[in-house]
1. Under the definition of Cα pairs under 8 Å and six or more residues apart, what whole-number percent is the relative contact order of the range 15-255?
2. Treat the range 251-359 as a sphere of radius equal to its Kirkwood radius over Cα pairs and apply Stokes-Einstein at 20 °C in a medium of 1.002 mPa s; give the translational diffusion coefficient in µm²/s, rounded to a whole number.
3. Which of rounded, prolate, oblate describes the range 92-149, given a ≥ b ≥ c as roots of the alpha-carbon gyration tensor eigenvalues and a/c under 1.5 marking rounded, otherwise prolate only if a/b is larger than b/c?
4. For a quick size check, give me the Cα extents of the range 28-78 along its three principal axes, largest first, whole Å.
5. So, R0 is 25 Å and r is the distance between the beta-carbons of Glu267 and Asp181; what FRET efficiency does that work out to, to 0.05?
6. Kindly state, to the nearest 0.05, the FRET efficiency for Lys123 paired with Lys43, given R0 = 51 Å and r defined as their beta-carbon distance.
7. Roughly speaking, what % of Cα-Cα pairs in the chain are separated by over 33 Å, rounded to a whole number?
8. Could you calculate the contour length gain from Asn231 to Gln106, that is, 0.36 nm times the residue separation minus the distance between their Cα atoms, to one decimal place in nm?
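No value in this document is a laboratory result; all are computed from the given coordinates. Keep in mind it's a predicted model, so treat the numbers as computed, not measured. Here Cβ is always computed from backbone atoms with ideal geometry, including for glycine, and neighbour counts include all displayed protein chains.
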Amino acid sequence: MRVYNFSAGPAVLPEEVLKEAADEMLDYKGTGMSVMEMSHRSKAYDTIIKEAEQDLRDIMNIPDNYKVLFLQGGASQFFAEVPMNMMKNKKAAYIITGQWAKKAWQEAKMYGEAIDVASSADKTFSYIPDCSDLDIPEDADYVYICENNTIYGTKFWELPNTKGKDLVADVSSCFLSEPVDVSKYAVIYGGVQKNVGPAGVVIAIIREDLITDDVLPGTPTMLKWKTQADNDSLYNTPPCYGIYICGKVFKWIKKMVGLEAMKALNEKKAAILYDFLDNSKLFKATVDKKDRSLMNVPFVTGNEELDAKFVKESKAAGLENLKGHRSVGGMRASIYNAMPIECVEALVAFMNKFEEENS
Ligand SMILES: *Cc1c(COP(=O)(O)O)cnc(C)c1O
């Protein structure tokens, strides 16, 4: 039996996709082998990766002057790839809205001057700072954000005013959750294990003029975007099976009629949970209303023992992975694209019952 899985990542995938993959496990479309067993240079795999890219381009409306790369190393390796490939003036502006933004910032400091132009650390990252008029240096190479903060449950609903500088966004935990205007970004990237597929794949959407040989000295061949772009993500063996599953998820989104529909569904699911939290006498959402994520919903009772009791009892009731991140405590429900609305309803019903029993 499958549980209600509220994990922040790796996280729930569409059941339909998992079943299809299971059906194709031993013999992918008459090839007599699993996708795990085939050459990444084979005709069958070439079709898989090309279709995945085209489907992603269709879903996100990616302009022709952007490259789509399927990479390895996780989002964390990309923290270094950004400065290595973009820090021509050795200067960049970082907006610190949580642990992932902070890690990216610290990584960038190894390569140049990474300036924290805004931060919400003063209130445990429970809000998004005003980014309408930041002090961005004239010679900054880019402005960096983590668009959805997985741990703290905040989201940039308005992109920062970058004063004309290139915007780089880590969208790991909000990838494909809503329509995006790709042209507003220089680079959009994310690890797929939150909202798109299995761990081991990073998708990067990069404006072509940023893909050059002019990288920082010492940049490894593999981490140079040009190497990957020139070889259509097949410079070496890519994470073949992961890309194949991502491709299936793209088709699943296409079938649901795209990102507008995905966003509407995500809003509906999140509203069920936030409405309950805002009316509860026991539970409380931790994020300012205007900055709330549709994907990650942290909440607390205000009493650590009661939080622990909730996590334990919810698990026994088949609601898994509701414990908050180890750095913040409390609870967190991650309700990504593939989380059925019934699971959110089941969570709220359980919270309601818990509230009655414990107040
Ligand atoms: C999970 C996560 C990361 C780290 O991803 P890895 O693939 O494990 O390196 C980075 N950024 C965000 C926003 C995340 O949610």
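1. 26
2. In µm²/s, the coefficient is 148.
3. The shape class here is oblate.
4. Sorted largest first, the three principal extents are 36, 27, 16 Å.
5. With a Förster radius of 25 Å, E is 0.85.
6. Plugging the Cβ-Cβ distance into 1/(1 + (r/R0)^6) gives 0.40.
7. Working: 19762 of 64261 pairs.
Tail of P(r) above 33 Å: 31 percent of Cα pairs.
8. 42.0 nm
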